[in-house]
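Notes follow once the structure below has been shown.
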Amino acid sequence: MSLVRIPRLLGIVNAFLVDEDDGLTLIDTTVRLGGPKAILAAAGKQGRPIVRIALTHAHEDHIGGLDGLVAELPGVEVLISTRDAKLLAKDTTPEPGEPADAKFRGGFSGAKTQPTRLLEPGDRVGSLEVVAAPGHTPGQIAFMDTRDRTLIAGDAYSTLGGVATTAKPNPRFPMPALATWHRPTALATARALRALEPTRLAVGHGRTIENPGAAMDAAIAKAS
Ligand SMILES: [Zn+2]
């Protein structure tokens, strides 16, 4: 598969373009200021339209560009998990069964845009399979490319300052862990994603890692 990383803010936050038969799937939108312009330029370079936007979770640095992009892309599909759609609408009431010690952290600016389709684990988005990845937010999802097992993990892992889970702050880049809703759940997710044996790990913060198994194992061990 062709995966194009679009780094913003000096590489601190990423969006991704995934090639599909009918056009491009954009994963996440980075930030409001400058994000849409950079993303549209990257899609333009590929000469193909963005036909859908799929969001890993509702944090501001992932959904900030959404409204601006939707204004430029009439008819684009907008996909997010059912759980994080509530956060996209700025509704932070807990759901029954969620851990009592969980707490919303990080920025939830919300968006005016309403999703056109709500995702559940097991759903398909083009070639991507939706994988549950709760913990960083309650409804975070990851995307596994069924063509080559590239895993787009949102903030379940970060690679800036070294591969890390969000279950324990990485001293060299603590932000994703500090913005995490429930760390024990994030650790369980890190293990579950590792067990999927991805061939490539693409994340919201940091560069993409090839053959990430050993690095993911080390990150899990650090947080355990
Ligand atoms: Zn996040």
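The values are calculated or read from the model by the stated rules, or taken from the named source; none is laboratory data. Just so it is clear, the model here is predicted, and its values are computed rather than measured. Backbone-built Cβ (ideal geometry, glycine too); neighbour counts: all protein chains shown. Protein only, heavy atoms only, side chains kept; ligands, DNA and RNA dropped before computing areas. Shrake-Rupley method; radii C 1.70, N 1.55, O 1.52, S 1.80 Å.
From the set of residues in segment 20-65 that are in contact with a strand residue (DSSP E or B) (Cβ under 7 Å, 6 or more places away or on another chain), within 12 Å of the ligand (Cβ to nearest atom) and of a type outside the set (A, V, I, L, M), which is nearest to Pro176 (Cα to Cα)?
Per the criteria, the residue is Asp61.
Looking at Thr150 and the list (1) surrounded by 19 or more Cβ atoms within 10 Å (Cβ to Cβ); (2) more than 21 Å from Glu60 (Cα to Cα); (3) touching a Pro at 6+ places or on another chain (Cβ under 6 Å), which single condition is not satisfied?
Unmet for Thr150, out of (1) surrounded by 19 or more Cβ atoms within 10 Å (Cβ to Cβ); (2) more than 21 Å from Glu60 (Cα to Cα); (3) touching a Pro at 6+ places or on another chain (Cβ under 6 Å): (3).
Can you pull out every residue in segment 121-150 that is in a strand (DSSP E or B) and free of Cβ contacts under 8 Å to residues at least 60 places away in the same chain?
Pass one, segment 121-150, residues in a strand (DSSP E or B): 124-125, 128-132, 141-145, 150.
Once the filter is applied, which keeps residues that are in a strand (DSSP E or B) and free of Cβ contacts under 8 Å to residues at least 60 places away in the same chain, segment 121-150 yields Arg124, Glu129, Val130, Met144.
Of everything in segment 70-107, what is part of a loop (DSSP other than H, G, I, E, B) and either within 16 Å of the ligand (Cβ to nearest atom) or at positive phi (or both)? Give them in sequence order. So that I can check it myself, show each step before the final result.
Narrowing segment 70-107 to residues part of a loop (DSSP other than H, G, I, E, B): 73-76, 89-107.
Residues satisfying the conditions are Gly75, Lys90, Thr92, Gly97, Ala102, Lys103, Phe104, Arg105, Gly106, Gly107.
Hey, can you tell me all the residues within segment 11-30 that are open to solvent by 10 Å² or more (accessible area, probe 1.4 Å), closer than 26 Å to Gly162 by Cβ and modelled with pLDDT of 95 or more?
To start, the set of residues in segment 11-30 that are open to solvent by 10 Å² or more (accessible area, probe 1.4 Å) comprises 11-12, 19-22.
Remaining after also requiring closer than 26 Å to Gly162 by Cβ: 11-12.
Within segment 11-30, no residue meets the criteria.
Mind checking which residues of segment 8-31 are without any contact (Cβ under 8 Å) to a residue 60 or more places away in the chain and closer than 21 Å to Lys112 by Cβ?
Arg8, Ala15, Leu26, Thr29, Thr30, Val31
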